[in-house]
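Take a look at the structure set out below.
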Amino acid sequence: MSAMSAGRYWGRIAAVAALALGLACKREERRFNATYPSAPAYASVTLDTLQPGVPSPELTVKSPAEGNAYDIAQGKLLFAQWNCTGCHSHGGGGMGPPLMDNEWIYGSSPENIVATIVEGRPNGMPSFRNRITANQLWQLAAYVRSMAGLEAKGPSPGRNDEMQYKVDEQRTPFRTPRASSSKTLPAKSQRP
Amino acid sequence: MTWAGSIFDTAGSPAERIARLAWFLIIVSAVTYLLVLAATGIAMRRARVRRTQGELADTRPETGKRLTRNVAIATTLTTLILLVYVSATALTGKAIAWPLNAQQPLTIEVTGHQWWWQFRYRDSLPSNWLTTSNELHIPVGRPVRVILLSNDVIHSFWIPELHGKQDLIPGHRNTMWIKADRPGVWKARCAEFCGHQHAKMAFDVVAESPAQFAQWYVRQLASALPPTDSSAKHGYDVFVQRTCIMCHSINGTEAGSNVGPELTHIASRPSLAAGSLPNTRVNLTRWILNPQLIKPGVRMPPNALSPADMTALLDYLETLK
């Protein structure tokens with residue numbers, strides 16, 4: 001490599017590094033104290049496009065949590081803490097419908113999902129009216145959509161620790177070692 | 001020697017041993033440091049005197065032998081001191097890790113949450129199990145087995161007056177033994193960075209006589225009484241029909257969620273929001289209306305309550321003694 005090309009080489013590296021530094025400066029804002037649109041805004045969402053006469057203009061509420069990694073992650077936390085998993089499992093469904101497929105009984109848009117949580121739905125979905133603040137509703141909706149791939153999946157991946165077949169050794173409960181521990185292992189053929 | 005929140009202001013035997021070790025290390029290191037400084041000073045001064053008098057460097061073989069011997073002695077001494085350090089540290093560690101000759105220890109499970117503390121007192125009788133938040137009471141003179149757990153990230157449990165720091169690790173049980181030798185009220189905090197509000201993750205420690213502790217325990221075990229006056233009754237309705245019920249529990253009521261701190265006896269606690277605020281009516285109002293202004297990032301959301309609902313809710317919470 002001649003002196004000239006070495007200079008150009010290092011120049012390019014510097015340019016790439018500067019670009020990377022510039023990109024690294026863009027940090028997502030965590031809106032702790034934002035006021036998100038509340039009840040009246042989503043309560044008037046029309047669930048059906050079929051209307052007599054001239055259809056009224058569709059009301060659209062832009063989800064403030066959309067695309068915000070912090071909000072999606074918070075939504076996931078609330079989803080687990082408030083026992084949504086009790087019926088919907090981790091998106092796979094159980095007593096309640098699965099949320100990770102692309103079949104939506106009551107609509108897939110953020111405002112539809114928020115309305116479903118607030119109003120409740122027949123056959124089991126409870127109404128959380130007055131129980132969940134607007135910000136948390138949008139966060140939950142963003143996470144529910146992320147399970148179906150309608151939102152970025154990155155911020156809250158579905159591979160939870162508790163869902164792993166084999167958990168990390170440091171996460172297993174403490175056990176006193178036993179002298180004949182080899183006998184308690186399953187037969188080799190049964191192990192994964 | 002006493003100053004607030006100091007590891008030298010010891011109130012229990014593990015902390016005493018640690019403080020003794022600390023003083024030993026500090027004093028021996030300080031003396032060694034001063035000796036090294038003095039030797040360096042003397043050597044520099046000698047060299048300067050020699051240079052100003054135009055003397056040549058001392059190259060006699062016996063001088064070289066003497067210097068080699070001095071270096072060997074100093075190295076040996078240093079190694080010995082370091083060995084003593086290591087042994088003293090290991091012995092102290094062993095002494096405080098071992099159960100303090102425990103007769104009927106008290107077992108408390110500590111769970112770290114972002115950003116508050118949960119204490120569960122264990123007993124052979126399950127009906128005596130007690131859960132409190134952000135307030136730890138221990139009886140003086142009785143060894144306490146502290147089991148450290150975490151709900152989310154790594155936290156660290158630190159009561160400077162009673163013991164060193166110990167981590168709370170998700171999915172792992174850590175154990176430590178503490179014992180208060182004198183009554184006192186201390187502030188303890190999280191000692192491992194655990195997110196936005198790590199700085200506001202403190203709790204109150206109260207060491208009291210066994211009789212006082214037993215009294216406190218019985219009071220805390222009691223369920224909340226149903227509200228009597230009309231405002232408190234309305235406040236109860238607000239609590240169980242609005243956002244509060246999603247995360248908080250009050251024993252003896254419909255509220256049973258374990259996401260946030262339990263509030264059965266919130267009015268008896270000295271502070272709010274994990275040691276962030278003194279427990280007053282004004283602070284509680286500010287906290288409920290918008291916790292994000294006081295502790296940005298905290299899991300509790302802002303609550304838009306009407307002034308009437310707010311007053312009633314506060315009236316109800318104040319009955320939870």
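The values are calculated or read from the model by the stated rules, or taken from the named source; none is laboratory data. Predicted, not measured: the structure shown is a model, and the values here were computed from it. Glycine gets a Cβ as well: all are built from the backbone with ideal geometry, and neighbour counts include every protein chain shown.
A few notes on this one:
- Those residues of the stretch B:49-76 which are within 51 Å of the chain's Cα centre (by Cα) and small (Gly, Ala, Ser), in sequence order: B:Ala72, B:Ala74
- Whether a residue is on the phi > 0 side of the Ramachandran plot, at pLDDT below 90 and more than 14 Å from chain B (Cβ to nearest Cβ) was assessed, and A:Gly93 passes this test.
- Residue match in the stretch A:115-123 (condition: in contact with a strand residue (DSSP E or B) (Cβ under 9 Å, 6 or more places away or on another chain), surrounded by 19 or more Cβ atoms within 10 Å (Cβ to Cβ) and hydrophobic (A, V, I, L, M, F, W, C)): yes
- Total residues in the stretch B:146-196, condition in contact with a strand residue (DSSP E or B) (Cβ under 9 Å, 6 or more places away or on another chain) and within 14 Å of another protein chain (Cβ to nearest Cβ): 17
- Looking across the stretch A:119-140 at every residue that is modelled with pLDDT of 90 or more, hydrophobic (A, V, I, L, M, F, W, C) and under 20 Å from B:Pro301 (Cα atoms), the one that is nearest to the chain's Cα centre (by Cα) is identified as A:Leu140.
Residues are listed down the side, and each one gets a yes or a no for (1) modelled with pLDDT under 90; (2) outside the structural domain of B:Ala22 (by TED's automatic domain parsing); (3) within 22 Å of B:Thr264 (Cβ to Cβ):
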site	(1), (2), (3)
B:Ser87	no, no, no
B:Leu130	no, yes, yes
B:Asn134	no, yes, yes
B:His137	no, yes, yes
B:Gly141	yes, yes, no
B:Leu148	no, yes, no
B:Ile159	no, yes, no
B:His163	no, yes, no
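- As for the stretch B:254-271, it holds at least one residue that is over 21 Å from B:Pro227 (Cα atoms), touching a residue at least 24 places away in the same chain (Cβ under 8 Å) and away from chain A (no Cβ under 14 Å).
- Of everything in the stretch A:120-148 that is free of Cβ contacts under 8 Å to residues at least 24 places away in the same chain and away from chain B (no Cβ under 13 Å), the residue that is nearest to B:Cys247 (Cα to Cα) is A:Gly120.
- Number of the condition not met by B:Ala199 [criteria: (1) touching a residue at least 24 places away in the same chain (Cβ under 8 Å); (2) more than 14 Å from chain A (Cβ to nearest Cβ); (3) not in a strand (DSSP E or B)]: (1)
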